[in-house]
Structure formats: structure tokens, C-alpha cells
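The next block holds one structure in the form of C-alpha cells; read it before the comments.
The values are calculated or read from the model by the stated rules, or taken from the named source; none is laboratory data. Nothing here was measured: the structure is a model prediction, and the numbers come from that model. Methodologically, a virtual Cβ is constructed for each residue, glycine included, from the backbone with ideal geometry; neighbour enumeration extends over all protein chains shown. SASA here: full protein model, heavy atoms, side chains in, ligands and nucleic acids out. Shrake-Rupley method; radii C 1.70, N 1.55, O 1.52, S 1.80 Å.
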Amino acid sequence: MPIESPQLERPQSQKRLLRLKLNGRWREDAVAENQLLVDYLRDVAALTGVKTGCDGGECGACTVLIDDEAVPSCITLAARCDGRAIETIEGLARQGRPTRLQRAFHEKLGAQCGFCTPGMIMAAEGLLRRNPHPTEADVRTALSGNLCRCTGYVKIIESVLVAAETAP
Amino acid sequence: MSGLLPDIRIVRPSDVAAAIAAREQHPQSRFIAGGTDLLVNMRHGLIAPQSLIDISRIDELTTIEMGAAGLRVGSGVTVAALARHPAIARDYRAISQAANAIAGPGHRAMGTVGGNLCLDTRCLFYNQSEWWRQANGFCLKRDGEICHVAPQGKRCHAAFTGDLAPAFLALGAEVEIAGKQGRRRIPLGDIYVEDGLAHLAIAEDDLIVAVHLPPTAAASAYAKVRLRGAVDYPLAGVAVALGVRGDSVASIRIALTGTNSRPFVLGGTDALIGRPLSERSLQQIEQLVQKQARPMRTTIASAHYRRLAAAASARRITAALYAEQSG
């Protein structure tokens, strides 16, 4: 039930042409200025690997890479990502072949119910690009903004460390 | 959360003067940099700006300069950039520690120094969705008439929870503010007042441009008390800057966050200067914190716990800083 509040004259959100590089390809879309990046990715770009968890920047399920930096897309406005490179879980595999990090999650049982997994992997991907040989403490810090409700943290951290150890 | 963002217009000024002008031109506008707190508050219906002035691409705001005159940190520097700056970690450790303690890595990558200094005050009864607050009859800070924390009182007790402010305060920071009348520099402490409803004493169209820190010989540290090791806001946060000459305390400044509606410098610590830091000095520090910290039931942890935790943290880090320097 919407709450009645004094009616203010609000400006209509204009649509703006958004040009960004999504999983390696430049694309343009008209987006409303109040559209969140997570909604743009899921509803416009149909990248539903990006999950909406808490929907308030607290759980990390919606984590994507913006210019190689892992950030929550549910507290990011799509219109402010103009000119940036966005990567989601869908952008990692090449010709259907999972990356080393994805394989490590698979082999080390880093995924349980799987809902936090795309966010976990993108947060870990951001870390490994910056620091290819992280310590366990580095991994824990990098994933500290991502919640796993199955509480499978030990296996998740192990997965990231295994991916880093097997890096060439 | 409760639904979509209201309709907004985003304005993108290219420099500080244009940002101030845009703020004036657009009624009910807000500056947005990282947006990590602003967007959440908008979706909770706590604020309803019509326009957002995007200051994230103003170059002047994003630089860190360090020299003989001290340190200048642009207000648009991200918390992550501040946290990983090696010279700041060496000379102004409390700043690094506070930056590293803010929220999670994703928030630090987006959130900025200015945003953290101007963070809205928080309360258990305020930072909730619109339907939650409606079911509870709203509150004094937004849409309602009574404060659920202190129903007899007339003021809002929401607590300031920025982590950077105490670190900057302990190290004697000044803020450079741009406004309609040009620029000015004032002590950081002067921008805060003890009122949860309106804790910032600067005009709405004032923009913090940078924070200045003098060179310092004091060692500093920040300690944060929170429920979980990441993401959470502080239940209490304490920063200490302690200078030692020989075995005597040469300077000491302690600042707190999370306990009151503003971050503040602890009064009465000058009495500890000029003599070695004894057990009695540490007890005095604990007493000062317990007297001046005024936590209210704005978090799920009790106010009593937060007062004790603030006092214990102040004692612990002061003792550690003294031990480190008195050899």
C-alpha cells in the first residue's frame, strides 16, 4: 500500500542515452535517470546472473565490476555509468568455458544454493585482477562485503585461494 | 527495500563553481558523489530530492596532496583511495585505519571522504523502509512527532556514525568549504552540532571541497566497535593522536563517533600533558569518555555497552600508542 504523502510537483525522470561497455561490448540504451544499475542489467540487458539480494547495498549479491572494481550494483545509478566498462558473471566464461576461478568454485564446492555465488565470484575476480597472489587475509577482506546465507564461507575462501594458486 | 527510486534529474557540473550554481538553480537538490548512503536513504523514503548534482567527475575534488604544509585530501577522494595511500598510512595512521573500517570493500570503492564526513545521523527507528516506519508511527526525524528513543524529550537522538570524522578531528583537521560567498576554511569540529535532526552546521548549498591536516609528530590510531567485522556502522568509534617527548605526554587528542549526534573531541585531556602516562591517566581517560559520550538506544546494542566500549577503546589505544613511542 503506498503511503500518502503531500503531493509534490516532481520532475519526470528523463531518459538519457547511456553508452557503456558491457562484458566487452559497447552498447547504447535509453535509460531513466532513476534506474539502478542492477535493474538495468537484469531487465534491459537480460543479465540475470546479477542477483538482487538485500536490495540495499548490504549483502553483495549484486556485485559487478565497474572498471575492474567490484561494487554493489543495487546502490549505483545506471545513468552514472556512462563511458564505463561493466562486467558481470556472464562475461567471464569464453565460448562456454568457465574461467579458472569459476572452475575452482565448482571443484572446491564454493557454491551451495548459488544465490550469492555470482557476487562472490565477481568480488573475487576484482581482487585477483588487482592482486593475483592474495593471502587468505586478503581474500577475507575482499569478500567481507558479500554475505552467504548458506554460510559456506570456508569453501568459498578455499575456492578463491585454489584459483590463485593454480594461476600461471 | 521499498520499491523504486522516485523520479529524479541528474545534473553534471564540471567544476566546483558550477556545482554550487546548480545546487542553487535546482530546488530540493542534493550533491551526490559515491551515493552509497544517499541512494539507500532515498529508497527508504528518508529524503526525496528532485535533482542530484553529480560531483563525482570534478577533477579538483579527487586529489591527495602531501607536502611540508601537511596533507590536503579532496572531498571526492574515494575511501578506498584514502585507505591504500602509503604515506597517509605512515604519517596519519588513524585516517587509514578509519578508512579501512568503513563498510565493505564495494562501498569503499564508491564512497568518498566528503560523503563520510557529511553522513546523515542514524537510528534504529529511522534507517528503515517506509512501511516499517509507518507501522511504528514514524519518528521525530522523519514524518513523525515523537522520538522513540526518548519519547519525553524534544530532540532527535540519532547518532553520527562516520568513521573518518574522529580520525580527522584527533589530528586537528580543517575543512575547505565552497559556497555562495566563496571559499573558507574552518576547523572540522565547527561543522557539527549536537542535534540528530540537523547535525551539520553548514548551509545546504555549501560544498566541502577538501580536508586539510597539519604536519604531525603524533602517532595516531582508530578503533571501531561494531557487531560484525565488516559492513556495520560503528556502535562506538575512537581515534587518538598522542605525541610523546621522552617519557612524557607532549600532546593528546581523543575524538569519538557513534555515541552522540556529532563526532567530537574529548574535553579535559590537556591535564594529562607533561607527565608520563600512568594507570591513573588511563583511568582519567575512561572517566572522561564515560562522562562525555552520550549514547542513546539508537542501535540494537545497549547504550550502556557502547559507553563502556568507547571508554575501553580509548584507554586501550592510548596505552598502545604510548608504549609504542616511549620505548
Is it possible to state the helix-based mean residue ellipticity at 222 nm for the protein assembly as shown, with each DSSP H run of 4+ residues giving -39500 (n - 2.57), the sum divided by total residues, to the nearest 500 deg cm²/dmol? What is it? -8000 deg cm²/dmol
How much of the accessible area of region B:1-54, probe 1.4 Å, is carbon plus sulfur, in whole percent? 50 percent
Measure nothing but the geometry: give the 0 to 90° angle between the long axis through the Cα atoms of B:303-325 and the longest principal axis through the Cα atoms of chain B, rounded to 10°. 50 degrees
On protein heavy atoms with a 1.4 Å probe, the accessible surface that disappears when B meets A, both sides summed and given to 100 Å², is 3100 Å²
Label-to-label distance, nm, for residues given as residue B:198 and residue B:284 (7 Å Cα→Cβ offset): 3.8 nm
Expected max-MSF residue from B:79, B:211, B:11 in the GNM of chain B (alpha carbon, under 10 Å) is B:11
As a test, work out the antiparallel percent of DSSP beta bridges whose residues both lie in the protein assembly as shown, rounded to the nearest 5. 85 percent
Taking each residue of A:42-55 in turn, how many C-beta atoms of other protein chains fall within 10 Å of its C-beta, and what is the average? 1
Note the full-extension length gain between residue B:245 and residue B:17 as 0.36 nm times their separation in residues minus their Cα-Cα distance, in nm to one decimal. 77.6 nm
Of all DSSP beta bridges in region A:15-89, what percent run antiparallel (nearest 5)? 90 percent
Give me the inter-chain shielding for B:220-226: mean count of other chain Cβ atoms within 10 Å, whole number please. 0
Let me check against my output: what whole-number percent is the relative contact order of chain B, with C-alpha pairs under 8 Å and at least 6 apart? 16 percent
Is there a quick way to get the dipole size of the protein assembly as shown? I mean about its Cα centre, with the Cβ of Lys and Arg at +1 and of Asp and Glu at -1; what is the value in debye to the nearest 20? 720 debye
Residues of chain B: accessible area per residue with a 1.4 Å probe, Å²: 40 Å²
From Cα pairs below 8 angstrom and at least 6 apart in sequence, can you work out the relative contact order of region A:100-165, rounded to a whole percent? 53 percent
Cβ crowding within 10 Å averaged over residues, with A:35-43, A:97-105, B:39-47 ranked highest first: A:35-43, B:39-47, A:97-105
Shielding by partners - mean other protein chain Cβ count within 10 Å, residues of B:231-243: 1
In region B:51-100, which residues give up 50 Å² or more of accessible area once the other protein chains are added, compared with their chain alone (1.4 Å probe)? B:57
Obtain the radius of gyration and the Kirkwood radius of the protein assembly as shown from its C-alpha atoms and give Rg over Rh. 0.97
Using a 1.4 Å probe, what is the accessible area per residue for region A:15-89, in Å²? 38 Å²
With Cα atoms, 0 to 90° folded angle of helix B:279-292 axis to chain B main axis: 20 degrees
Nearest 10 degrees is fine. How inclined is helix B:16-25 to the longest principal axis of chain B, computing both from alpha carbons? 50 degrees
